[in-house]
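Enquirer: Can you read through this structure? Questions will come right after.
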Amino acid sequence: KKVAQIFTPEFFPENIGSSTKTPIFIIGFVRSGSTLLERILDAHPLIVGTGEDSVFNGRLDYIRNEIVKASVSGNLGTLHSVVKKLADDVVLDMRKRWEVIDANARAVELDEGNEDAPESTNEERHSPTRFTDKMLTNYMNVGFIHLLFPNALILHVAREPMDTIFSAFKHDFPPGGFDYTSEFSGLAQLYHSYRDVMEHWDKVLPGRVTHVRYEDMATDLPNIAPKIIEAAGVPWDPTVLDFHKKKHAVNTLSTTQVRKGVYSHHFKGWKRYEEFLGPLLKKIGGRVNYDMKTTLPGYVRSQ
């Protein structure tokens, strides 16, 4: 409700923020297929991931406070310059983060005896032009992302609702952030909140968020992968289709599945336990269906 009250169509000043397309934001519900999307992007030589700890999200409290202070000043010029500086600092931090990750990766390869690692790695990863920032709960923060980066790609990955929700319920997440997934009421409440917020962005900022269905990635990869890369604004590279063969420090519960490549045998896996999931189905209600379509420009699902 707070999101809807604050981020109205009138909230966003014209011509504010950075013109850069460097960050690519990945948002969605937990266990929705975001790791697969990130790996497809990261397989491209000009796109790199910045890890599970979102640079943007880590600076969000500071970003909020600075925007509030600039807004209170009543000077539109001040607000514009503050927002531009905040955006530039996020991109700078992303590049610094990547440099550390890249240096560590090369050091590991050297330790493993691959003396050519620094040169080959540097060639493959020379001057990336896009950085992925994956923090699923940033679906709450699309308004701030848009304010700072009006031209940056925001990818919302979504999966069949009950597959997503049941997967979140049955997985043993580390203590802390995902405790709500262990009981039906909290999980259903969070899912409804997520759907409410995503519907709000589509209404207030129509077309701003690009939707990607997990099922399309899992069953139509040769068609959808080029459109994902095209949306990112970099030339197509066919090696992207071999993303699962590339080394990458995947550190989520999806690690093993992604390294095996794309698979679809688990679609509707929750159905095997349907008799035990009645209370959860009831709490999800009509949102047990999600008719969201992939909205990548030019993407047409193969028959």
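Enquirer: Are any residues in the range 221-251 outside any helix (DSSP H, G or I), touching a strand residue (DSSP E or B) at 6+ places or on another chain (Cβ under 8 Å) and either of a type in the set (A, V, I, L, M, F, W, C) or within 12 Å of TYR299 (Cβ to Cβ) (or both), and if so, which ones? Walk me through it before giving the result.
Expert: Initially, the range 221-251 is screened for residues outside any helix (DSSP H, G or I), giving 233-237, 246-251.
In the following step, the residues that additionally are touching a strand residue (DSSP E or B) at 6+ places or on another chain (Cβ under 8 Å) were identified as 233-234, 248.
VAL234, the sole residue that qualifies.
Enquirer: How many residues does the range 19-34 contain that are assigned to a loop (DSSP other than H, G, I, E, B) and either touching a Lys or Arg at 6+ places or on another chain (Cβ under 6 Å) or open to solvent by 10 Å² or more (accessible area, probe 1.4 Å) (or both)?
Expert: Pass one, the range 19-34, residues assigned to a loop (DSSP other than H, G, I, E, B): 19-22, 29-33.
So of that shortlist, the ones also either touching a Lys or Arg at 6+ places or on another chain (Cβ under 6 Å) or open to solvent by 10 Å² or more (accessible area, probe 1.4 Å) (or both) come out as 19-22, 30-33.
Of the residues in the range 19-34, 8 are assigned to a loop (DSSP other than H, G, I, E, B) and either touching a Lys or Arg at 6+ places or on another chain (Cβ under 6 Å) or open to solvent by 10 Å² or more (accessible area, probe 1.4 Å) (or both).
Enquirer: While we're looking at this one, here's another question. Select from the range 224-262 the residues that are at pLDDT 55 or above and within 18 Å of ARG159 (Cα to Cα) and list them in ascending order.
Expert: ILE224, ALA225, ILE228 - these are the residues of the range 224-262 that are at pLDDT 55 or above and within 18 Å of ARG159 (Cα to Cα).
Enquirer: Given the structure, is ARG130 at pLDDT 85 or above, in contact with a strand residue (DSSP E or B) (Cβ under 7 Å, 6 or more places away or on another chain), open to solvent by 20 Å² or more (accessible area, probe 1.4 Å) and over 26 Å from VAL3 (Cα atoms)?
Expert: Yes; evaluated as a whole, the condition is true for this residue.
Enquirer: Taking the conditions exactly as written (modelled with pLDDT of 95 or more, surrounded by 17 or more Cβ atoms within 10 Å (Cβ to Cβ) and not in a loop (DSSP other than H, G, I, E, B)), does PHE166 satisfy them or not?
Expert: It is false that PHE166 is modelled with pLDDT of 95 or more, surrounded by 17 or more Cβ atoms within 10 Å (Cβ to Cβ) and not in a loop (DSSP other than H, G, I, E, B).
Enquirer: Can you name every residue in the range 200-220 that is within 17 Å of the chain's Cα centre (by Cα), in a helix (DSSP H, G or I) and of a type in the set (D, E, K, R)?
Expert: Correct list: ASP202, GLU215, ASP216.
Enquirer: For VAL108, state whether it is more than 22 Å from the chain's Cα centre (by Cα) and either surrounded by 12 or more Cβ atoms within 10 Å (Cβ to Cβ) or modelled with pLDDT of 90 or more (or both).
Expert: So VAL108 passes the test.
Enquirer: A further question follows. Kindly provide the set of residues from the range 27-56 that are in contact with a His (Cβ under 8 Å, 6 or more places away or on another chain) and within 19 Å of VAL209 (Cβ to Cβ), ordered by number.
Expert: Listed by number, the residues that qualify are ILE27, GLY28.
Enquirer: Just for the range 60-85: of the residues that are among the aliphatic types (A, V, I, L, M) and in contact (Cβ under 8 Å) with a residue 40 or more places away in the chain, which one is surrounded by the fewest Cβ atoms within 10 Å (Cβ to Cβ)?
Expert: Only one residue tops the list, namely LEU76.
Enquirer: I've got another one for you. What residue, among those in the range 37-65 that are of a type in the set (Lys, Arg) and not in a loop (DSSP other than H, G, I, E, B), is nearest to ARG130 (Cα to Cα)? Break it down stepwise before answering.
Expert: Step one: filter the range 37-65 for residues of a type in the set (Lys, Arg), giving 39, 59, 64.
Then keep just the ones that are not in a loop (DSSP other than H, G, I, E, B); that gives 39, 64.
Details: ARG39: 13, ARG64: 24 Å.
Within the range 37-65, the match that is nearest to ARG130 (Cα to Cα) is ARG39.
The values are calculated or read from the model by the stated rules, or taken from the named source; none is laboratory data. What you see is a predicted model, and the numbers here were worked out from it, not measured in a lab. Glycine gets a Cβ as well: all are built from the backbone with ideal geometry, and neighbour counts include every protein chain shown. To get the accessible areas, we keep the full protein, side chains included, count just its heavy atoms, and leave off ligands, DNA and RNA. Shrake-Rupley method; radii C 1.70, N 1.55, O 1.52, S 1.80 Å.
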